[in-house]
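Visitor: Before we start, here is the structure in question, set down as C-alpha cells.
Laboratory data are not the source of any read-out in this text; all were calculated from the coordinates shown. All values derive from a computational prediction rather than experimental measurement. Cβ placement follows ideal geometry from the backbone for every residue including glycine, while neighbour counts extend to all protein chains displayed.
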Amino acid sequence: MRLTKRGEYALRTLIKLGMAEKMGREVVSVSTIAHAEKLPFKFLENILAELKQAGYVESKRGKLGGAMLAKPASKITIGEIVRLIDGRLAPIGCASETDYEKCSCPDETHCGLRMLMIDVRNSIARILDQYTLADVVEVTLRRMQREGACVPFSEAAAAAPKAKKAAKRAKGSTQHADPADGFLNWLIGPPLAS
C-alpha cells in the first residue's frame, strides 16, 4: 500500500476538520484548510466533493460557509477513508480482500510472496481499521499541547501573530521519521485536559 497525495490530503483535511470540531468550531472554510495544510485549493475542493458524496463531510454555503464533518469523528475509521480514496490496502492485487486481482503467478495458492503480502495487508488493515479519526485528532492535540505548539482553532491560535506560527512550524520540522514519533507511542500518553 502506498498512500497517494489525494489520500494524504483527504486524511489531513479530515483531521483538520476533526480538530476544529473538537475545539468548538463548527465550520471551516476551504481556503483556511488549504492555507493551513499548504494544499492546492482546487485539488482540495475536489477531495472535499468526494468526501461529501461518500457522506463524511457536509458543506455550508455563504460568507461564513465551509466544510464540516457529516458524522462523528469516532465513527470514521482511517481504513475506510484510505480505501475510499486510494482503493485496496494490499501491496499486490492477489493479496487484496476487497479489490482482488489475479496475478501472473503459476500457483497462486502456494505462492510464498502472496502469503507474505496477505500478512502485510492484514497488519495494515488491523491498524487502519482499529483507529478512528477521533483517535488521531486526540493524539495530535495531545502532542501539540505537550510540546507547547499552537493548537489550531484555539483562542491562542486566533491571537498568535502569523510570524510566531511560522517560527513554530519551522522549529518542529524533522528530516527523518523517528520511530518514537509513531502514533501508537503518543496514543498511550495521558488524556487531554478538557
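Visitor: Please report how far the C-alpha centroid of region 82-109 lies from that of region 1-46, rounded to the nearest whole angstrom.
Guide: When both Cα centres are located, 28 Å separates them.
Visitor: Within the chain, which is the longest segment that contains none of the trypsin sites (Lys or Arg not before Pro) sitting in a DSSP loop with at most 13 other Cβ atoms within 10 Å? Mind showing how you got there, number by number?
Guide: Values: sites that count: Arg2, Lys38, Arg61, Lys63, Lys102.
Counting only loop sites that pass the neighbour cut-off, the longest clear stretch is 103-194.
Visitor: Roughly how many nanometres apart are two label points built 7 Å out from the Cα toward the Cβ at Phe43 and Tyr100?
Guide: Taking the two extended label points, one gets 3.5 nm.
Visitor: Continuing with this model, one more query. List every residue whose amide H lies under 5 Å from the amide H of Ser96, counting only residues 5 or more places away in sequence or on a different chain, with H placed 1.01 Å from N in the peptide plane.
Guide: Glu101
Visitor: Here's something else I'd like to know. Rounding to the nearest 20 debye, state how big the charge dipole of region 1-84 is about its Cα centre with +1 on each Lys and Arg Cβ and -1 on each Asp and Glu Cβ. Provide the component values of the computation, followed by the final result.
Guide: Numbers: 16 positive and 8 negative charges, 19 e Å.
Using only the charged Cβ atoms, the result is roughly 80 debye.
Visitor: What's the exposure ranking of Thr77, Thr140, Thr98, going from fewest to most Cβ atoms within 10 Å?
Guide: Working: Thr77 16, Thr140 20, Thr98 11.
Least to most surrounded, the residues fall as Thr98, Thr77, Thr140.
Visitor: Between Arg126 and Ser31, 0.36 nm times their residue separation minus their Cα-Cα distance comes to what?
Guide: On the way: separation 95, 0.36 × 95 = 34.20 nm, distance 3.40 nm.
Answer, rounded to one decimal: 30.8 nm.
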